[in-house]
Amino acid sequence: MAKSPKTPPTWTSLYGEPRGTRRDALLAAGTWSTRLQQHNGGQDVVVLPLARGLAALDAIEVPIGDGYALFADYLHGKLLTLLSPGWAHLWAEVPDVRVVPIGGWVVVPTPGSIGSYAASWLSLPPPHPCPSWEDQVEGEDGADETLVGPHPGSPHPSMSAGDLDPQQLFEAFTGSSAESNAAAH
């Protein structure tokens, strides 16, 4: 009897809810595994409900693996993604979706770690000549802060959002056309 072919993994099946050793590692992660970062522009930071966001990635057949700036907040059931700038307006009135305003703060996985249950990498963006998420600046209180977006005065652009198409993600998530939504506003 021939074995039936394995179903290829999907974003939902791999990252819907952590299981096994990944779950154990995320739950056991220390405070060093995530950090608070301020969004200073350069990319749109969009926060989606996790299950619907992963289903949208599956619907547009985004290849699984590195190449996109995607991480999960399993504590709150959210998928966070960096998208090319200029698309935040599409998400403004979508229920249960939030666009992090410039100056807003986001909990992100620490570079070099998978993160924690509060912020875990699902896909890393392509290598960047200057990992600006790691650019350190000294805050008013003397503490280091890491910026999501371009470092003020830095010649280097922000972390790449990868090849994730903002329009396709919007359309898969909402079931409506990005052009018609943009024209309505």
May I ask you to list the residues in region 39-63 that are over 15 Å from PRO9 (Cβ atoms), open to solvent by less than 30 Å² (accessible area, probe 1.4 Å) and in contact with a strand residue (DSSP E or B) (Cβ under 8 Å, 6 or more places away or on another chain)? HIS39, GLN43, ASP44, VAL45, VAL46, VAL47, LEU48, PRO49, LEU50, GLY53, ALA56
Where residues in region 64-115 are out of contact with any strand residue (DSSP E or B) (no Cβ under 7 Å at 6 or more places or on another chain) and of a type in the set (Val, Ile, Thr), which of them is least open to solvent (accessible area, probe 1.4 Å)? VAL94
Name the pairs whose Cβ atoms lie under 7 Å apart, with the first residue in region 14-26 and under 17 Å from SER113 (Cβ atoms), the second among the acidic types (Asp, Glu) and in a helix (DSSP H, G or I), and 6 or more positions between them or separate chains? none
Quick one: would you say SER84 is among the polar types (S, T, N, Q) and closer than 24 Å to PRO9 by Cβ? no
Does VAL137 satisfy the criteria of being aliphatic (A, V, I, L, M) and at pLDDT 95 or above? no
Write out, first by first residue and then by second, each pair whose Cβ atoms fall under 8 Å of each other, whose residues are 6+ apart or on separate chains, and whose first residue, in region 100-126, is without any contact (Cβ under 8 Å) to a residue 24 or more places away in the chain while the second is in a loop (DSSP other than H, G, I, E, B) and surrounded by fewer than 19 Cβ atoms within 10 Å (Cβ to Cβ). PRO111/PRO131
Select from region 1-38 the residues that are charged (D, E, K, R) and crowded, with 16+ Cβ neighbours inside 10 Å and list them in ascending order. ARG35
Residue check, GLU17 against (1) over 17 Å from SER120 (Cα atoms); (2) over 13 Å from the mean Cα position of the chain (by Cα), all met but one. Which one? (1)
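The values are calculated or read from the model by the stated rules, or taken from the named source; none is laboratory data. All values reported here derive from a predicted model rather than from experimental measurement. Quick reminder, even Gly has a Cβ in these numbers, built from the backbone with ideal geometry, and neighbours come from all protein chains shown. Calculation scope for accessible area: heavy atoms of the full protein, side chains included, ligands and nucleic acids excluded. Shrake-Rupley method; radii C 1.70, N 1.55, O 1.52, S 1.80 Å.
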